[in-house]
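Some notes on the structure that comes next.
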Amino acid sequence: MDEYTARADILGCKVDLLNMDEVVALVQHMVEKREPRHIITLNAEIACIAQDNSQLREIINRADLVTPDGIGIVWAGNKLGYSLSERVTGIDLLYNLCRQGAVQGWGIYLLGAEPGVAEKAAARLSEQYPGLKICGTHHGYFAEEEIDAILEDIRQAAPDILFVALGAPRQEFFIQRYKESLQVPVCIGVGGSLDVVAGIKKRAPQWAIRLNIEWLYRLLSEPSRWKRQLVLPRFVWRVLRQRSS
């Protein structure tokens, strides 16, 4: 991390005290500097995993920018005495950067999701943001022996921003491993965002997003996620323990 911002410490993970507008402005600065940068959108589940996984925690704390992806991180930050005003989720950041990219002429590359999904997402983004330059796509179901060809395709496309939708924490390890080789100014992990952008999955309605219960909508829409939600009580307990220590 450069001299950009102050950071919160949540379960040993550093989180930047920035809102969406500030993040977009910082990304523009990163694009202009042309140095490979890694942005992580952190939620409660990944923060808990990172507390038990030193390698993942190191990647998070070495990232150039970490945003509060989820109301749990915002709650934790404020509970611990920091000032976190809003969520900066992966999908919202993707949309905001594509909007800005259409104005600035940035090249965008989409990597991840099932075969065909990234192409559908690219078509929708191009329709939504006229002038946006999608310079490449590739699905996320690739074998180890295919990685070199994918990396070369990304290098040839020379995007300004690479959105990596491989799911956390796989996408974080991927970016950390290859960002210097790729030399893309901004690499961002965006989880399952391409499925939503492509229309494969529906996002929560605006009223649920405003009430910060998007997680509940997703659980009701995808009951199979209930095991993942079991991390939330553990996250709350660990934050309260950190606060009292």
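The values are calculated or read from the model by the stated rules, or taken from the named source; none is laboratory data. From a predicted model like this one, the values you see are computed outputs, not experimental measurements. Using ideal geometry, Cβ is built from the backbone for each residue, glycine included, and neighbour counts are taken over all protein chains shown.
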Q.
Please go through the range 27-49 and give me each residue that is under 19 Å from residue 15 (Cβ atoms), touching a residue at least 60 places away in the same chain (Cβ under 8 Å) and out of contact with any Phe, Trp or Tyr (no Cβ under 6 Å at 6 or more places or on another chain), ordered by number.
A. 27, 30, 37, 38, 39, 40, 41, 43, 45, 46, 47, 49
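Being outside any helix (DSSP H, G or I) and hydroxyl-bearing (Ser, Thr, Tyr) is the filter; apply it to the range 115-144 and report the residue that is surrounded by the most Cβ atoms within 10 Å (Cβ to Cβ).
Taking the candidates together, the pick is 137.
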Q. Which of the residues spanning the range 217-245 are modelled with pLDDT under 85 and within 21 Å of the chain's Cα centre (by Cα)?
A. 217, 218, 219, 222, 225, 228, 229, 231, 232
Q. Does the range 148-174 hold any residues that are surrounded by 22 or more Cβ atoms within 10 Å (Cβ to Cβ) and not aliphatic (A, V, I, L, M), and which are they?
A. 159, 160, 163, 171, 172
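What number of residues within the range 27-60 satisfy the criterion of being of a type in the set (D, E, K, R) and touching a strand residue (DSSP E or B) at 6+ places or on another chain (Cβ under 7 Å)? Give the steps one after another, and end with the answer.
Here is the first cut: in the range 27-60, the residues of a type in the set (D, E, K, R) are 32-35, 37, 45, 52, 57-58.
Checking which are touching a strand residue (DSSP E or B) at 6+ places or on another chain (Cβ under 7 Å) leaves us with 37, 57.
Residues flagged as of a type in the set (D, E, K, R) and touching a strand residue (DSSP E or B) at 6+ places or on another chain (Cβ under 7 Å) within the range 27-60 amount to 2.
Listed here are the residues, each with its yes/no results for (1) touching a Pro at 6+ places or on another chain (Cβ under 7 Å); (2) at pLDDT below 95; (3) under 20 Å from residue 111 (Cβ atoms).
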{"position": "54", "(1), (2), (3)": "no, no, no"}
{"position": "58", "(1), (2), (3)": "no, no, no"}
{"position": "62", "(1), (2), (3)": "no, no, no"}
{"position": "67", "(1), (2), (3)": "no, no, yes"}
{"position": "72", "(1), (2), (3)": "no, yes, no"}
{"position": "76", "(1), (2), (3)": "no, no, no"}
{"position": "84", "(1), (2), (3)": "yes, yes, no"}
{"position": "92", "(1), (2), (3)": "no, no, yes"}
{"position": "96", "(1), (2), (3)": "no, no, yes"}
**Q.** Breaking point among (1) surrounded by 19 or more Cβ atoms within 10 Å (Cβ to Cβ); (2) under 15 Å from the mean Cα position of the chain (by Cα); (3) not basic (Lys, Arg), for residue 61
**A.** (1)
Q. So which residues in the range 98-114 are of a type in the set (Gly, Ala, Ser) and crowded, with 18+ Cβ neighbours inside 10 Å, if there are any at all?
A. 101, 102, 107, 112, 113
Q.
Give me the residue from the range 1-50 that is acidic (Asp, Glu) and buried (at least 19 other Cβ atoms within 10 Å of the Cβ) and, out of that set, nearest to residue 242 (Cα to Cα).
A. 45
**Q.** Subset of the range 145-202 that is part of a helix (DSSP H, G or I) and among the acidic types (Asp, Glu) - its residue that is nearest to residue 42 (Cα to Cα)
**A.** 172
